[in-house]
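Everything below concerns the one structure shown next.
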Amino acid sequence: MSNYKLPPISEVCFLSESQQKELLDHLFEHCETLHGYLIPKLFQTPEVKFATYKDFIEQVRLELLWFLSAEIANAKTSGATIDPRISKIIAAHPRLGAPKKQQVVNLSVHSAKEQASLSSSSEEEKFRLQQLNDLYESTFPGLRYVVFVNGRSRDIIMKNMEERIQRNDINEERKEAFNAMCDIALDRATKLGAKL
């Protein structure tokens, strides 16, 4: 997957900012907006310590879901729009199954490996997946479909994508994306040598 090794969890709070970003990039996807949001909350708060990478990633999940919940509540009461940083964090993920030349963001080493099974699709399946990506992104402007593939078949993934499009609930999509990002991060942490 990568030559990168996660630092011992006990050393995470002592990492330089560039090492903090590198750690986040390996567990999630490269995203300056994610760095800017999480680094002060995870690394620059002396009382925040983590016993395991699972604890670390679950804290990320809490931070992201809290951010989303606060923005939804604010939008409902004040009529304000949802903070665009939420979409930027979600859109840092690559399109599912899209050829390299069609990717809007660079495909990380981790994403390339995770999506490898989708690249062996027939031309018809690739076309259908591209149509679903387009429909998803037009239904939910600014978002990217994010799911923890976890060995599921293309058919199951495409069915999930269709169901989520039909549900047509952008706030639920944001929540699903943040949860999927953290599920993916837990899987990546294990593959990078962490004991969860």
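The values are calculated or read from the model by the stated rules, or taken from the named source; none is laboratory data. These numbers come from a predicted model, not from an experiment. Glycine also receives a Cβ, built like all others from the backbone with ideal geometry; neighbour counts cover every protein chain displayed. With ligands, DNA and RNA removed, areas are computed over all heavy atoms of the protein, side chains included. Shrake-Rupley method; radii C 1.70, N 1.55, O 1.52, S 1.80 Å.
Once you've got the GNM for the chain with C-alpha springs shorter than 10 Å, pick whichever of LEU143, LEU15, LEU27 has the biggest mean-square fluctuation.
LEU15
Would you rank LYS191, LYS54, LYS21, LYS76 by solvent-accessible area, highest first, keeping every protein chain in place and using a 1.4 Å probe?
Details: LYS191 115, LYS54 90, LYS21 55, LYS76 165 Å².
Descending order: LYS76, LYS191, LYS54, LYS21.
Compute, for the chain, the length of the dipole vector about the Cα centre, with Cβ point charges of +1 (Lys, Arg) and -1 (Asp, Glu) only. Units Debye, rounded to 20.
It works out to roughly 260 debye.
Could you tell me the calculated FRET efficiency between TRP66 and SER122, based on Cβ-Cβ distance and R0 = 45 angstrom, to the nearest 0.05? Could you put the intermediate results ahead of the total?
Working: r = 42 Å, r/R0 = 0.93.
My answer for the efficiency is 0.60.
What number comes out for accessible area per residue over region 1-94 if the probe is 1.4 Å? Units Å², please. If you can, show how the numbers build up before the last one.
Working: 4760 Å² over 94 residues.
I get 51 Å² per residue for region 1-94.
Considering the alpha-carbon set of region 128-173 alone, what are its Rg and its Dmax in angstrom?
When restricted to Cα atoms, region 128-173 yields Rg and Dmax of 10.1, 28 Å.
Once log10 I(q)/I(0) by the Debye sum over Cα atoms at q = 0.11, 0.19 Å⁻¹ is worked out from the coordinates, which option in (i) -0.52, -1.40; (ii) -0.79, -1.19; (iii) -0.69, -1.19 does it equal?
This structure yields the entry labelled (i).
Could you tell me which residue out of GLY36, ILE57, LEU68 lies farthest along the dipole of region 11-94 toward its positive end? Charges go on the beta carbon: Lys and Arg +1, Asp and Glu -1, centred on the Cα centre.
Comparing the listed Cα positions along the dipole, LEU68 ranks first.
Once neighbouring chains are kept in place and the probe is 1.4 Å, which whole percent of the accessible area of the chain is contributed by carbon and sulfur? The partial results should precede the final answer.
Details: 5250 of 10120 Å².
Carbon plus sulfur share of accessible area: 52 percent.
Please list the radius of gyration and Dmax for region 150-196, considering alpha-carbon atoms only, with Å as the unit.
Considering region 150-196 through its Cα atoms, Rg and Dmax are 13.3, 38 Å.
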